[in-house]
Amino acid sequence: MKKLIFLLFITSLLLTACGAETAPAVTEPSSTQVVEKTPKPESTVAPATRLQVSEDALKGLEIKVWIPWYGVEAGLFESFVEEFNEKNEWGIVLVMENQINFSNLYEGVSISLPTADKPDLVIALPEHALEWDTDGVAVDLTPYVEDPLYGIDSSDIPNVFWNQDFIDGKRVAIPAQRTSRFLLWNESWAKQLGFGSLPDAPDDFKQQACRAQQAMLKDESPQNDFMGGWAVNTEPMTAYAWLLAFEGGVLEGSDYRFLTPNNIAAFTFLRELSEAGCAWQAANANPISSFAKREAIFITASLQDLPEVAREFASAGNTDSWKVIAFPGANEDALVVYGSSYVILKSTPEEQLASWLFIRWLLDAEQDARWVEATHLFPIRKSTLGLLADYEKTHPQWAQAVKLLPQGEVQPQLASWRTVKTMIGDAFTHMYRVNIPSGQVAAILAQMETLSRELSK
């Protein structure tokens, strides 16, 4: 109490000495009163950008965006452009141009780079972004991602998406869409054949495929005797995933390497599967239709194929349970994740920031969810799943695929992957088309290694 009276006295003296105004009377608190301290207001200072571009400089900027899609994706993206143009607070105006596919876009961008007509923002493949970065025309997006005002929370994006476009300390792009190829497995048929679980290793896969083929021999139709097992798929990502399942791959350091013991084991396994009749191809067969008709216990499909598979089962009146699984490995299963990315090409600081602001808006969970519902691909952000509860219920196999993401691996981070992956698909197709014997797969892999090194020069 003495201390309080002394402080009040000193305060009174100070006010009198300043000659400001008469201090109000102060009543000494009683012993039962509690003196409450007024809390200090929290700082409300807004974060400031480090990009050194004023918002006024963004007003009315026209940004050229090139896309590689047609159909549903192109239509939805066009609606995104219109919505952003109408609602963005900076007055940025986007002008969209459709290049129809990724090859046309890559060629068009490469030709336009020395001209004033080049785009500001493109949706391209990661290997395209790497080449443009080597040419010095792609923007390192790290400062934009980490900006206090305009940045994003990258921890909300799965690592297998986020890491693809980051190399040598630079972020050359931002994930736009991601998908994968999977094996589809008829669980109901497998149970009838005596298998209680999904194939957990290559030998399990072979046993189930071979027993399904043997079951086809017991019906009255000789036309399907060669069916039943895995309907062979020779897409590049299928071949690559099988190599990874056998702990092989396509790289040794930063060079391509195909002729390895594990890769030989992978291709030998697949060719022996065909030689035993446990894997099959038919020129006019639709693998999805064959899967729904119990002509194949395994097929390979992409994420965006899953709705068509469900429709085929319904059309065939097939109530079998089927699941999405990764490519079975002896130790770890394999899943290759790939897709397109947003790439900003170098221009002015203002145009680069305007392009980034559109990317950031596209990555919002609301827009991300709309992408998923239209394209059936992976959500780019983890938090988007909170908006997709109803979608998960009606698309259970899609939900299974999402749960496999922790197993996912990125593609090789090389610009030459653009041509090398095509070579892989061609070689894999050739191996089946001419029925290369399993004992000669090493020669195929040796040729692939030679070609890949030529293509990467």
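Read-outs: derived from the displayed coordinates by stated rules, not from any lab. Predicted model only: the values in this text are computed from it and were never measured. Heads up, the Cβs are rebuilt from the backbone with ideal geometry, glycines too, and the neighbour counts pull from every protein chain shown.
Modelled spin-label separation between residue 419 and residue 374, with each label point placed 7 Å from Cα along the Cα-to-Cβ direction: 3.5 nm.
If a/c stays under 1.5 just call it rounded; otherwise compare a/b with b/c (prolate if a/b is bigger, oblate if not). Do that for segment 342-431, with a ≥ b ≥ c from the square roots of the Cα gyration tensor eigenvalues.
On the way: a/c = 2.70, a/b = 1.05, b/c = 2.57.
Oblate, since a/c reaches 1.5 and b/c is not below a/b.
Extension gain, residue 308-residue 219: 0.36 nm per intervening residue step, less the Cα-Cα distance, totals 29.3 nm.
Under 1.5 on a/c is rounded, so check that first for the chain, then, if it is not, pick prolate when a/b is larger than b/c and oblate when it is not; a ≥ b ≥ c are the square roots of the alpha carbon gyration tensor eigenvalues. Walk me through the numbers on the way to the answer.
On the way: a/c = 2.66, a/b = 1.94, b/c = 1.37.
Prolate shape, in that a/c is at least 1.5 and a/b is the bigger ratio.
Give the order of 341, 221 when sorted by the count of other beta carbons within 10 angstrom, beginning with the fewest.
Values: 341 24, 221 8.
In increasing order of surrounding Cβ atoms, one gets 221, 341.
Toward the positive end of the charge dipole of segment 163-217, with +1 on the Cβ of Lys and Arg and -1 on the Cβ of Asp and Glu, the farthest Cα among 177, 164, 189 is that of 177.
Report the full-extension gain for the segment residue 192 to residue 440: residue separation times 0.36 nm, less the Cα-Cα distance, to one decimal in nm.
Details: separation 248, 0.36 × 248 = 89.28 nm, distance 3.59 nm.
Here the segment from residue 192 to residue 440 would lengthen by 85.7 nm.
Taking other Cβ atoms within 10 Å as a rough exposure proxy, 128, 430 sort from fewest to most as 430, 128. Here the chain is treated with +1 on each Lys and Arg Cβ and -1 on each Asp and Glu Cβ, and its dipole about the Cα centre works out to around 860 debye.
For 429, 394, 419, what's the fewest-to-most ordering of other Cβ within 10 Å of each Cβ?
Numbers: 429 17, 394 10, 419 14.
Ascending number of Cβ neighbours within 10 Å: 394, 419, 429.
Counting only alpha carbon atoms, the long axis of helix 202-216 and the longest principal axis of the chain meet at about 50°. Between the helical axis of 306-316 and the longest alpha-carbon principal axis of the chain there is an angle of about 50 degrees. Of the residues 420, 222, 111, the one whose Cα sits farthest toward the positive end of the charge dipole of the chain, with +1 on the Cβ of Lys and Arg and -1 on the Cβ of Asp and Glu, is 222. With a simple spin-label model that places each label point 7 Å from the Cα along the Cα-to-Cβ direction, the separation between residue 275 and residue 102 comes to 3.4 nm. Axis angle, to the nearest 10 degrees, between helix 102-112 and the longest C-alpha principal axis of the chain: 60 degrees. Segment 315-358 to segment 175-199: how many Å between their Cα centroids? For segment 315-358 versus segment 175-199, the Cα centre distance is 19 Å. Approximating the spin labels as points 7 Å out from Cα along Cα→Cβ, the residue 153-to-residue 56 distance works out to 3.4 nm.
Counting only DSSP beta bridges with both residues in the chain, the antiparallel share comes to about 60 percent. Think of segment 226-364 as a dipole: +1 on every Lys or Arg Cβ, -1 on every Asp or Glu Cβ, centred on the Cα centre; then among 243, 356, 299, 299 lies furthest on the positive end.
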